[in-house]
Amino acid sequence: MRTRYHTLDVFTDRLFGGNPLAVFPEATGIPDALLGPIARELNLSETVFVYPPRSPGGTRRVRIFTPGGEVPFAGHPTVGAAWFLVASGAVSAPSDADAVEVVLEEEVGPVAVTVALRDGAPRSARLTTAAAHREWPFPAGAEGAAAILELDPGDIGWADGAHEPVFASAGLPFLIVPVRDAAALARARLDEAARRTVLGTASPATMVYLVAPAPETDGPGEWPALPPADLRTRMFAPEIGVSEDPATGSACAALGGYLGSRLGVADGEALWRVDQGVEMGRPSRLDLDVQVSGGGPVRVRVGGACVAVARAEIDLPDG
């Protein structure tokens, strides 16, 4: 059988930035046994397969694969798939509307995505997490995190002392490691042996997400003409076949809950511009906003722009 797919760059407004994504818009006829091999063959951070919805409230059902296997939720496939459905005309967008709502059925639950429009065309997309924020302590502390990342313990944490390494999730768990500045973040290298030793076999997460205050001036490889970022991040996930990810929406969503829990206010909203992929030469910009009520996060949204890159066909064995 022959099936078509498209590639996008997600969390960027210009070609060859952001995080590449493959979208199979009509995946119903693809045998389940081939979904993983297709993702490994394309070897992008993630590949998303689109199906008809199973519930009246769903726009489409999606399955998301990394080269290492299926995941229940991921940010850049969710944002990219919703953007693509509108851009391709699969989801209609009134020419006089400024946004259209898309609901993607994922293993984590229905994920609502708002696709912003300009003259009837999609401009960007923003997901609202379906899962509540969760956190677990990281017993190894600064020394353990430093060992995993080949940094000094003094590089771990922010100057305010309120931001320490923890496990956190908005549907997919990560070890969130605050790093004192962008220079230390750029020096970080994943020590795989230390990661296995420190995290062991019972940790809530094996994917490692670093976050630092953004530098005051743009660094090499960043796109010009963007507003200054608030935070800079990196993400390592070799166990799912992603040595380093250019942009990780699910980790950014977990970070939103983490930061929202530490705002020190009972009620309110906060927004951050988050850059990732700079060290890889694929600068990405993620817009993160969090609503806090009763001192904790009650809504986390992550969004950004997308760019269509290519379309292709693949011949698959039948059956």
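Observations
- Looking at segment 134-304 alone, DSSP beta bridges between its own residues are antiparallel in about 80 percent of cases.
- Among beta bridges that DSSP assigns inside the chain, antiparallel share in %, nearest 5: 85 percent
- Cα gyration tensor shape for segment 96-204, rounded if a/c is under 1.5, else prolate or oblate: prolate
- Applying 1/(1 + (r/R0)^6) with r as the Cβ-Cβ distance of residue 318 and residue 134 and R0 = 41 angstrom yields a FRET efficiency of 0.45.
- Charge dipole magnitude, Cβ of K and R +1, D and E -1 - the chain, Cα centre, debye nearest 20: 440 debye
- Shown in residue order for segment 39-46 are the 3J(HN,Hα) couplings computed by the Karplus curve 6.51 cos²θ - 1.76 cosθ + 1.60 at θ = phi - 60°: 4, 5, 5, 6, 6, 8, 3, 8 Hz (x for Gly and Pro).
- Put simply, segment 31-143 fits an ellipsoid with semi-axes of 27, 19, 14 Å; these come from the alpha carbon gyration tensor as the roots of five times its eigenvalues, largest first.
- Under 5 Å, built H, 5+ apart or other chain: amide partners of residue 163: 158
- Relative contact order (percent, whole number), the chain, Cα cutoff 8 Å, 6+ residue spacing: 21 percent
- Most fluctuating residue given options 201, 248, 129, as computed from a GNM of the chain linking Cα atoms under 10 Å: 201
- In Hz, Karplus ³J(HN,Hα) per residue of segment 122-136 (6.51, -1.76, 1.60; θ = phi - 60°; x = Gly, Pro): x, 9, 7, 9, 9, 8, 10, 4, 8, 9, 5, 5, 9, 9, 9
- Based on DSSP H segments of at least four residues, each scored -39500 (n - 2.57), the chain has a per-residue ellipticity at 222 nm of -5000 deg cm²/dmol.
- Near residue 62: Cβ cut-off under 15 Å, other residues only, Lys/Arg at +1 and Asp/Glu at -1. The net charge is -3.
- Volume of the Cα convex hull of segment 134-304, divided per residue and given in Å³: 109 Å³
- Which label in (1) 61, 41, 39; (2) 54, 44, 38; (3) 84, 46, 31 gives the computed Cα extents along the principal axes in Å: (2)
- With Cα atoms, 0 to 90° folded angle of helix 75-87 axis to the chain main axis: 30 degrees
- Modelled spin-label separation between residue 26 and residue 4, with each label point placed 7 Å from Cα along the Cα-to-Cβ direction: 0.8 nm.
- Per-pair calculated FRET efficiency, R0 = 30 Å: residue 95 and residue 273 via Cβ, rounded to 0.05: 0.50
- Residue 187-residue 226 FRET efficiency (beta carbon distance; Förster radius 25 Å; 0.05 resolution): 0.60
- Under 15 Å, Cβ to Cβ, from residue 148 - net charge with Lys/Arg +1 and Asp/Glu -1: -4
- Positive-pole candidate from 22, 304, 186, dipole of the chain, charges at beta carbon: 22
- Across segment 170-185, computed HN-Hα scalar couplings (Karplus, 6.51 cos²θ - 1.76 cosθ + 1.60, θ = phi - 60°) run 10, x, 9, x, 9, 8, 8, 10, x, 10, 5, 7, 5, 5, 5, 4 Hz from first to last residue, x flagging Gly and Pro.
All of the numbers you see were taken from the coordinates with simple rules; none came from a lab. What you are looking at is a predicted structure, and each value in this text was computed from that prediction instead of being measured. Cβ coordinates were reconstructed from backbone atoms using ideal geometry, including for glycine residues, and neighbour counts include every protein chain displayed.
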